[in-house]
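Take a look at the structure below.
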Amino acid sequence: MKSRHVVRRLVPVDFLDLDGLELWLEAMAAKGLHLLKFGALFAQFQPGEPARVRYHAEPTMERRRDAVSNPVPGCGELGWSYVGKLGYLALFRTADPDAPEFHTDPVTQSYTLDQLTRRLTRFVWLLLAMMAALTAFLVWARLDSSFGLVLDLVRYSSLYTSVVYLVDLALIIHFSWTVWGLCRLRRRLRAGIPHQRPLRWRHTGLVRQSYTLLLSISAFLQICSVIAYFAGVTRWDTELSTLDRPAPVLSLAELAGRDYTPEPFGYPGYEGPDLDNYVSYKRTPFSHIYEVDQSGTVNRGRCHLEMEWYDLTLPFLAEPLLEDLMDYQLYDLAYVPERYKVEELSANGFDRLVLAEDLDYGGQQLFARLGGRVVSLDYSGDGDLTDHLDQIAGLLRWDGQVCFRTNV
């Protein structure tokens with residue numbers, strides 16, 4: 001074969017699929033592509049004349065990557081030549097149609113799999129133990145978290161961790177199944193049953209390739225999200241008094257009445273922003289989120305209003321998000337139900353409206369949904385949120401243009 005150029009092809013079979021590797025390489029040779037070497041994802045071929053050749057993958061525990069120090073004795077006399085190495089497999093090739101099979105005795109062939117299957121089996125048990133520990137940790141973290149699954153997903157885009165966990169689990173299951181197949185092959189050979197190659201190779205490398213692709217895409221998106229966050233592309237925050245862009249704000253001044261006076265956040269020596277009268281925005285893959293804090297006094301009595309406003313990318317998450325917000329903000333409802341009065345309200349402009357009143361300490365919490373939008377309000381003061389349902393419904397209909405801030 002004359003050297004022209006190198007052709008790279010994605011390896012479509014699993015690296016432990018002995019039959020698949022042999023059949024695929026033979027099919028490539030029939031197309032005029034002859035193996036030079038393997039890489040992590042791609043194999044390199046040298047173009048030449050199409051040829052009918054046979055390949056054989058022989059297990060070896062030799063640690064050197066590109067060569068084996070002592071190829072199978074007598075393989076050259078049998079018409080087989082050493083080609084290269086892939087992991088723990090040494091690859092041999094013959095162009096002689098009359099060359100005998102690499103192994104004629106199944107029991108002897110089974111011994112070649114002993115060391116490989118033992119090592120891989122130990123590795124599988126180690127991976128399963130690590131995955132069990134990781135699963136236990138994730139379950140514990142979920143049970144210990146105050147956030148529900150949907151609230152955590154919407155606010156913090158926890159999807160990346162879930163994707164990594166699921167693709168790792170899928171790869172480990174696939175790897176365990178492959179190793180079990182090798183162990184089963186060894187047992188059949190040890191019993192004297194000759195191995196029959198399938199008629200064609202299958203895309204057994206699809207799991208490994210999908211794993212690499214999904215992790216690469218997830219990591220890229222996560223990196224872009226982090227860069228966008230710290231660059232301020234997907235978030236901003238400011239004091240209400242200097243708000244210069246549209247934002248959905250229910251005015252605490254209107255709830256409290258004419259005697260309302262804002263009470264800035266601070267303490268002696270503090271020179272930072274007024275965090276008690278503050279609005280922040282962030283964009284996650286699943287939602288636009290506004291959070292607004294307002295604090296003030298009415299006749300020396302303190303009043304406070306906190307709002308969370310969500311416009312969801314996936315509207316079907318709205319109802320479970322509302323439930324998660326209720327569970328999070330009314331965390332002790334299940335333990336002291338007598339503390340709250342919770343009622344479902346019916347009013348125009350809402351798909352769902354829930355009001356919770358704190359009978360011990362006063363204050364109201366309201367949870368509202370319309371389509372793919374959810375609003376949560378936590379209010380303490382002398383007013384009544386139900387007197388302002390039209391304004392709250394307006395928050396859910398907000399078009400992104402009008403600023404609802406008035407007299408704050």
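The values are calculated or read from the model by the stated rules, or taken from the named source; none is laboratory data. As the structure is a prediction and not an experimental result, all values here were calculated from the model. Cβ coordinates were reconstructed from backbone atoms using ideal geometry, including for glycine residues, and neighbour counts include every protein chain displayed.
Going by the structure shown, is residue 393 of a type in the set (Gly, Ala, Ser), at pLDDT 90 or above, touching a Phe, Trp or Tyr at 6+ places or on another chain (Cβ under 9 Å) and part of a strand (DSSP E or B)? Full working, then the answer.
Details: of a type in the set (Gly, Ala, Ser): yes; at pLDDT 90 or above: yes; touching a Phe, Trp or Tyr at 6+ places or on another chain (Cβ under 9 Å): yes; part of a strand (DSSP E or B): no.
Judged against the criteria, residue 393 is not a match.
Of all residues in region 305-326 being part of a helix (DSSP H, G or I) and in contact (Cβ under 8 Å) with a residue 60 or more places away in the chain, which is nearest to residue 385 (Cα to Cα)?
Narrowing region 305-326 to residues part of a helix (DSSP H, G or I): 315-326.
If we keep only those that are in contact (Cβ under 8 Å) with a residue 60 or more places away in the chain as well, we get 317, 320-321, 323-325.
Numbers: 317: 25, 320: 23, 321: 21, 323: 20, 324: 21, 325: 18 Å.
Here the residue is 325.
The single condition from (1) in contact with a helix residue (DSSP H, G or I) (Cβ under 7 Å, 6 or more places away or on another chain); (2) in a loop (DSSP other than H, G, I, E, B); (3) not aliphatic (A, V, I, L, M) that residue 165 fails is (2). Of the listed requirements (1) surrounded by 13 or more Cβ atoms within 10 Å (Cβ to Cβ); (2) within 27 Å of residue 400 (Cα to Cα), residue 316 misses just one: (1).
Does residue 357 satisfy being in contact with a Ser or Thr (Cβ under 6 Å, 6 or more places away or on another chain) and either of a type in the set (Val, Ile, Thr) or assigned by TED's automatic domain parsing to the domain that holds residue 281 (or both)? So residue 357 fails the test.
Of the residues making up region 106-151, those that are at pLDDT 90 or above and among the charged types (D, E, K, R) number 4. Residues that are within 45 Å of the chain's Cα centre (by Cα) and at pLDDT below 85 within region 70-83 comprise 70, 71, 72, listed in sequence order.
Taking the criterion of being surrounded by fewer than 13 Cβ atoms within 10 Å (Cβ to Cβ) and either under 22 Å from the mean Cα position of the chain (by Cα) or in a helix (DSSP H, G or I) (or both), the residues of region 190-232 that qualify are 213, 216, 217, 220, 223, 224, 226, 227, 230.
For region 296-313, the set of residues classified as more than 20 Å from residue 356 (Cα to Cα), buried (at least 17 other Cβ atoms within 10 Å of the Cβ) and not aliphatic (A, V, I, L, M) consists of 296, 311, listed by residue number.
Kindly list, by first and then second residue, each pair from a residue in region 17-32 that is outside the structural domain of residue 95 (by TED's automatic domain parsing) and touching a residue at least 60 places away in the same chain (Cβ under 8 Å) to a residue that is surrounded by 22 or more Cβ atoms within 10 Å (Cβ to Cβ) and assigned to a helix (DSSP H, G or I), limited to pairs with Cβ atoms under 9 Å and residues at least 6 apart or on different chains. That search, which allows pairs on different chains as well, returns nothing.
In this structure, is residue 331 surrounded by fewer than 17 Cβ atoms within 10 Å (Cβ to Cβ), over 27 Å from residue 225 (Cα atoms) and under 29 Å from the mean Cα position of the chain (by Cα)? Spell out how you get there, then give the answer.
On the way: surrounded by fewer than 17 Cβ atoms within 10 Å (Cβ to Cβ): yes; over 27 Å from residue 225 (Cα atoms): yes; under 29 Å from the mean Cα position of the chain (by Cα): yes.
Yes; evaluated as a whole, the condition is true for this residue.
Restricting 338, 323, 357 to residues that are in contact with a helix residue (DSSP H, G or I) (Cβ under 9 Å, 6 or more places away or on another chain) and farther than 24 Å from residue 234 by Cβ narrows the list to 323. I'd like to check something: does region 229-237 contain any residue that is within 30 Å of residue 361 (Cβ to Cβ) and touching a residue at least 40 places away in the same chain (Cβ under 8 Å)? Checked region 229-237: at least one residue is within 30 Å of residue 361 (Cβ to Cβ) and touching a residue at least 40 places away in the same chain (Cβ under 8 Å). The residue that is modelled with the highest pLDDT, among those in region 41-69 that are touching a Ser or Thr at 6+ places or on another chain (Cβ under 9 Å) and among the hydrophobic types (A, V, I, L, M, F, W, C), is 53.
Residues in region 259-291 that are out of contact with any Lys or Arg (no Cβ under 9 Å at 6 or more places or on another chain) and assigned to a strand (DSSP E or B): how many?
Residues that pass the stated criteria total 4.
Any residue at all in region 169-178 that's without any contact (Cβ under 8 Å) to a residue 12 or more places away in the chain and more than 21 Å from residue 23 (Cα to Cα)? Checked region 169-178: at least one residue is without any contact (Cβ under 8 Å) to a residue 12 or more places away in the chain and more than 21 Å from residue 23 (Cα to Cα).
Just to check your reading of the model, which residue among 342, 292, 354 is more than 26 Å from the chain's Cα centre (by Cα), of a type outside the set (Asp, Glu), loosely packed, with under 15 Cβ neighbours inside 10 Å and closer than 16 Å to residue 365 by Cα? Lay out the reasoning, then the answer.
Working: 292 fails: loosely packed, with under 15 Cβ neighbours inside 10 Å; 354 fails: loosely packed, with under 15 Cβ neighbours inside 10 Å.
Every option except 342 fails the conditions.
Taking region 258-289 as the search range and keeping residues that are free of Cβ contacts under 8 Å to residues at least 40 places away in the same chain and buried (at least 17 other Cβ atoms within 10 Å of the Cβ), which one is nearest to residue 363 (Cα to Cα)? Reasoning before the result, please.
Initial filter on region 258-289 (free of Cβ contacts under 8 Å to residues at least 40 places away in the same chain): 258, 261, 263-276, 288.
Of the ones still in play, those that are also buried (at least 17 other Cβ atoms within 10 Å of the Cβ) are 274, 276, 288.
On the way: 274: 23, 276: 17, 288: 27 Å.
Here the answer is 276.
Filtered by the rule that a residue be under 15 Å from the mean Cα position of the chain (by Cα) and of a type in the set (A, V, I, L, M), region 147-182 gives 149, 150, 153, 154, 159, 163, 164, 166, 167, 169, 170, 171.
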